[in-house]
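A short write-up of the structure that comes next.
The values are calculated or read from the model by the stated rules, or taken from the named source; none is laboratory data. As the structure is a prediction and not an experimental result, all values here were calculated from the model. Only protein heavy atoms, including side chains, enter the accessible area calculation; ligands, DNA and RNA are left aside. Shrake-Rupley method; radii C 1.70, N 1.55, O 1.52, S 1.80 Å.
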Amino acid sequence: MSEDYQRLDQWLYYARVAKTRPLCAAIISKGRIRINRQPTSKPHAKLHIGDILTFPAVSGGEVRVWRVLDLGERRGPAKEAALLYEAITEDG
């Protein structure tokens, strides 16, 4: 059986949202992440290709909205991480 999901904390780490996986888990545990408009506080939440993530930028300020394009295999360079998601803007 192929694995068609990934743990949310692991995916955020691979997408370089925070420097460590425990920091990603802490962000999730505070209830600051939404998957398809549903709030979650579980780092082990299942993330699928096509899901929409909504979360505040770690540095503060704006809210990010991303569509998951792929599941990660490792934490690579920023250019590789950017292939995991598509930023959705109000402009379309």
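Under a cut-off of 23 Å between alpha-carbon atoms, report the lysines in cross-link reach of Lys42, not counting same-chain residues fewer than 8 places apart.
Filter leaves Lys19, Lys30.
When only alpha-carbon atoms are used, what values of Rg and Dmax, in angstrom, describe the chain?
Just the Cα atoms of the chain yield Rg and Dmax of 12.2, 41 Å.
Taking only C-alpha pairs under 8 Å that are 6+ residues apart, what is the relative contact order of the stretch 1-66 in percent?
That works out to 29 percent.
How large is the accessible surface per residue of the stretch 1-58, computed with a 1.4 Å probe and reported in Å² as a whole number?
61 Å²
In the stretch 1-71, carbon and sulfur make up what percent of the accessible area (probe 1.4 Å)?
Answer for the stretch 1-71: carbon and sulfur cover 49 percent of the accessible area.
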